[in-house]
Every structure is written in structure tokens, then in C-alpha cells.
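Worksheet for the structure shown next.
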Amino acid sequence: KNQVEQSPQSLIILEGKNCTLQCNYTVSPFSNLRWYKQDTGRGPVSLTIMTFSENTKSNGRYTATLDADTKQSSLHITASQLSDSASYICVVSARAPGDTGRRALTFGSGTRLQVQP
Amino acid sequence: GAVVSQHPSWVICKSGTSVKIECRSLDFQATTMFWYRQFPKQSLMLMATSNEGSKATYEQGVEKDKFLINHASLTLSTLTVTSAHPEDSSFYICSARKDRTISNQPQHFGDGTRLSIL
């Protein structure tokens, strides 16, 4: 069964500090891994997407890493801002023959980050 | 680019009524659209996948007669919650993808519709 587990479930940090969120997955066959940011009451917004051959990808203050051997990914946030307060969701896509629409994505339950002044 | 718009963003209605939620891709053509449901502090749960011009594929446990999905054009999909009851209250989110044959195509999410059934 494909699964994505994220840790920690929630995290509180002070503004300006760095933090790292973790994602472990057991999705096969692996296609790609994405990190999304979801503000309360809004839809998820894509931060990064990485395929099997990519180890790291950055988007501003967000840097995602991927270790396909250990099936782990992390999202590092540098110099946090109050606006970083949100849920961060790790989503892993499995390759599927034919119609790739159904059952292609496995969502983690997210890490709720709160940045305090 | 790649903006997905959902309407309405918030709806309150009485038990027993039907509610229609629209999902539009504003600046691209979406061959595939997805409908998700999200309960508080939980992640998204896929309800169904719809490809333009064909019937939606529902996930196990999702009643297709309860949640009617129409994807009549490449820019519009609708979800109708029929005879809604309080247990249907949730946050419904749609997403759209340009090309269903390319798995690396990202899904672009709408901002969700908060449905409250009294």
C-alpha cells in the first residue's frame, strides 16, 4: 500500500529561524515528489516538484531534497517569515500505465507550521 | 499562469438541498480535473477524477449518485452534492491538469469551497 508519512505533525518556530520538515514514503513505482503549501482555508500551492534523478530543488527560501534510495524527502525553510505559517503537504506520485489520472497521487497528512513574531 | 478558480468559495444551505460547485481553469485547458474533500486538520482525500468528455472515475467509498461530476468542457468541471446533509459539510477542493498522459504535469488547485449544511 502506498503511503506518505510526514513529521512533525506540527511545529512552532520564531520568525527568522530555519526549519526542516520531513517526508518518508513507500510509493512504488515512484514518479515524482511534490511539496505544497496550503494556507488555512485555501487550496494547496505547489512549491517544488522533483523526479527520481533530482536530489535538490529550490524555490526562494524553500529548498527540497530527495533521497530516492532511502525514500525520504525534506523541505527546508530558511529565514522564516510570518507568512510561512501554513500546512506543508508532501505528495508522491506513482507511475501508472495508461490513464495516469486515477490513484496517481498519495498525499501526506501535512505539517502545520506556525511562525511566531 | 495556470490559475484554477472555484466558485462559490463558501456556501451555507439547508439539509436536503443540492449544491453545485464550479471549477474553472482560467488560462489553460484541463484534460483532467480532480475533486478532493478535506476535513479539518486532515489532508486532501481524492473523491473522483474526471477527464473531459468522459464519465468521472470515483474513488472507493464515494457515492457517484451523491456527488455528481460533470466535465463537459476543457475549462469547466462541476461537482453537485445532491440532497446534502450535515455530514456532507466539508472543504471541497478541485484541481486541474493540462495533459493526463504526462505524469509530471503538476496539478493546479483551486482555493476550495467551504460547504456547511445546516
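The values are calculated or read from the model by the stated rules, or taken from the named source; none is laboratory data. None of these values were measured; they are calculated from a predicted model. Note: ideal-geometry Cβ built from the backbone for every residue, glycine included; neighbour counts use all protein chains shown. Heavy atoms of the whole protein, side chains included, go into the accessibility calculation; ligands, DNA and RNA do not. Shrake-Rupley method; radii C 1.70, N 1.55, O 1.52, S 1.80 Å.
List of remarks:
- Within segment A:63-89, restricting attention to residues that are under 15 Å from the mean Cα position of the chain (by Cα) and acidic (Asp, Glu), the residue that is least open to solvent (accessible area, probe 1.4 Å) is A:Asp84.
- Scanning segment B:17-66 for residues that are polar (S, T, N, Q) and away from chain A (no Cβ under 12 Å) returns B:Thr17, B:Ser18, B:Ser25, B:Gln29.
- Options B:Ser95, B:Ser9, B:Ser77, B:Ser5; residue that is more than 8 Å from chain A (Cβ to nearest Cβ), open to solvent by less than 40 Å² (accessible area, probe 1.4 Å) and among the small types (Gly, Ala, Ser): B:Ser77
- Residues within segment B:74-87 that are polar (S, T, N, Q) and either part of a loop (DSSP other than H, G, I, E, B) or without any contact (Cβ under 8 Å) to a residue 24 or more places away in the chain (or both), tallied: 3
- Neighbours by Cβ (under 6 Å, 6+ apart or cross-chain): first from segment A:35-60, touching a residue at least 40 places away in the same chain (Cβ under 8 Å) and farther than 15 Å from A:Cys90 by Cβ; second open to solvent by less than 40 Å² (accessible area, probe 1.4 Å) and not in a loop (DSSP other than H, G, I, E, B): A:Asp39/A:Ala86
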